[in-house]
Amino acid sequence: MNIVSEIKEKSAQALEELYQLAVPVNEVLINETKPEFEGDYTLVLFSFIKQIKKAPEVVGNEIGTYLKDKYPAIFTSYNVIKGFLNLEIADSYFINFLDEDRHQQPTGRKIMVEYSSPNTNKPLHLGHLRNNFLGWSIAKIAEANGNEVIKTCVVNDRGIHICKSMVAWQRFAKGATPQSTAQKGDHFVGDYYVKFNDAYKQEINELIAQGMSEAEAEKEAPIMKEAQQMLIDWEAGKPEVISLWKEMNGWVYKGFDKTYEAIGSKFDKIYYESEIYLLGKNLVEDGLQKGVFFQKEDGSVWIDLTSEGLDEKLVQRKDGTSVYITQDIALAVLKQQEYGIDKNIYVVGDEQNYHFKVLKLICQKLGLASADGIYHLSYGMVELPTGKMKSREGTVVDADDLVEEMISIARNKTEELGKVKDFTGEELENLYATIGLGALKFFLLRVDPKKKMIFNPEESIDFHGFTGPFIQYTHARIKSILRKIAESDFTFSHIENYALNSYEKDVLLHLEQYSAVCLEAFELYDPSKIAIYIFELAKKFNAFYTECSIANAEKQDEKSLRVKLARQTAETIRHGMSLLGIQVPERM
């Protein structure tokens, strides 16, 4: 149990014993004491005063005395400022914390995190990177809180989008392949998606010039008709179409694999839309029999959600083919059957908020076991200083190019500092990749997922700001200190009756909060809580080290305490950054 939980529990106990007032532990409000007051943590009294019918100062003094007398190993002093009871925690509590074993017990819960979910008509871009980093981080944070986690990806490998790339390849490629052009497969196919849209625009303009309206031209453009016919042929299983589809998707998968390897994304299970899109038909039939769905005169099947403040939603077209929502219903059932999951987290951008509201409602109305576990982790889009990205116009920031640029910036910044002259060539390349990717991941994860953000590569790799490299450098600095101390044949001495100075206590108080922050990050599905915490820890350690020598500490117990503090700080930084998918170097 962390100190805040202990204070809450013991404060609730004091209220019960002193005033016969039963207060749930989660309703006891504890804050860190403000810097201008003495104390470490503050109990807010206002919500109890009316029931107790005593002045705030009286209640504060009574509870403070109770806590100090009954738990002297935890509380050493207190003061009351109006309705706030400021409590000072014993130094020994924090010193003992450094030696505690802190293994998370398994919860027995299974959580599935679905992320990435790319289309096979284009390479991964900056938006996909935020998605991948969020998904990976949420999975790691869930694991750190004792849950069994399955990481999944759904590949959107069928539909009109891939048919557009296929038609453009047939028209313009002249037999070219990724191998013949020495191009990554996902980039190669993505180029033809852009070529399709360029040709489509040109044909629309030509038809408009011949007298058609814009709406008519969009429908009658020959290249779009070819793509629509190809989709029909694909669903009919036409051999030559299926063959080309498999070949072009194969090119894309090889490209995706290289990007995933570079950014550190892995999946325990990959689902393919082409393998599941028909599975929803049985569920539609079941829903019709239960009266959950209704059929219109043209044969299409719908659900009426107007009573929930939504609208009518199509679940099966009049020709019997499924739509996205039907596929997602089927996949929710499939995931539950295969893994028996308690929570099904979808990491998908906020433009799909409505879709996931509808999905959960439909699954609940169908009485599916998977329904209540559905959770949409909605996140804001990543934009550039110049505005939104558009795949069809070829104006996206390509993931591979961005990773390469980040590594290049890391190389330049590191060489400017000039502290890596004793590194081998291989060590340098690993370091540049660690710093570059660390900067990219930290920048995209340090913001609350619900918020939109603007990405700036140069800002993300500053060694002195709220960045991954600043934290990585702090870790490397601590490891360097510890190596030098280890080389001096240092041995620990027993620490007893040690009085912490303000810098030591500031770091220790922050370290003690780590498990609570990890839990909060999990409960809110928000990796930015970890990012902010680790950044603050790095700042506090640097302030401590500026004022307090470790190697040249005057007393043996002082040196022992500070070495333990440094070790715990380095380990907490390493663990916290690993939850963000970021490596920390031993030296920089």
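The values are calculated or read from the model by the stated rules, or taken from the named source; none is laboratory data. From a predicted model like this one, the values you see are computed outputs, not experimental measurements. Cβ sites come from the backbone with ideal geometry, for glycine too, and all protein chains shown count toward neighbours.
Summary of computed values
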| quantity | calculated |
| --- | --- |
| Options LEU21, LEU15; residue that is of a type in the set (A, V, I, L, M), more than 24 Å from LEU565 (Cβ to Cβ) and in a loop (DSSP other than H, G, I, E, B) | LEU21 |
| Unique residue being touching a Cys at 6+ places or on another chain (Cβ under 7 Å) and not assigned by TED's automatic domain parsing to the domain that holds THR33 when the list is ARG483, ARG562, ARG477 | ARG562 |
| In the range 540-586, the residues that are under 22 Å from the mean Cα position of the chain (by Cα) and of a type in the set (Ser, Thr, Tyr) | THR572, SER578 |
| Test: residue in the range 184-206 that is modelled with pLDDT under 95, farther than 19 Å from VAL241 by Cβ, in the same structural domain as ILE223 (by TED's automatic domain parsing) and β-branched (Val, Ile, Thr) | yes |
| Residue within the range 51-71 that is over 16 Å from SER502 (Cβ atoms) and under 37 Å from the mean Cα position of the chain (by Cα) present | no |
| Scope the range 89-138; condition part of a loop (DSSP other than H, G, I, E, B), among the basic types (Lys, Arg) and buried (at least 21 other Cβ atoms within 10 Å of the Cβ); matching residues | LYS122 |
| Single residue of the range 398-423 satisfying the filter (surrounded by 18 or more Cβ atoms within 10 Å (Cβ to Cβ) and β-branched (Val, Ile, Thr)) that is farthest from HIS125 (Cα to Cα) | THR414 |
| Single match in LYS539, LYS555, LYS559 (criterion: under 30 Å from GLU415 (Cβ atoms) and out of contact with any Lys or Arg (no Cβ under 8 Å at 6 or more places or on another chain)) | LYS539 |
| Selection within the range 272-293 - within 33 Å of the chain's Cα centre (by Cα), outside any helix (DSSP H, G or I) and surrounded by 20 or more Cβ atoms within 10 Å (Cβ to Cβ) | TYR277 |
| Conditions (1) out of contact with any Asp or Glu (no Cβ under 9 Å at 6 or more places or on another chain); (2) closer than 30 Å to VAL323 by Cβ; (3) hydrophobic (A, V, I, L, M, F, W, C); number of the one not met by ILE435 | (2) |
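Residue-wise test of (1) closer than 30 Å to MET577 by Cβ; (2) at pLDDT below 95; (3) among the β-branched types (Val, Ile, Thr).
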| residue | (1), (2), (3) |
| --- | --- |
| PRO106 | yes, yes, no |
| SER117 | yes, yes, no |
| PHE133 | yes, no, no |
| SER137 | yes, no, no |
| ALA142 | yes, no, no |
| GLU148 | yes, no, no |
| VAL167 | no, no, yes |
| SER180 | no, no, no |
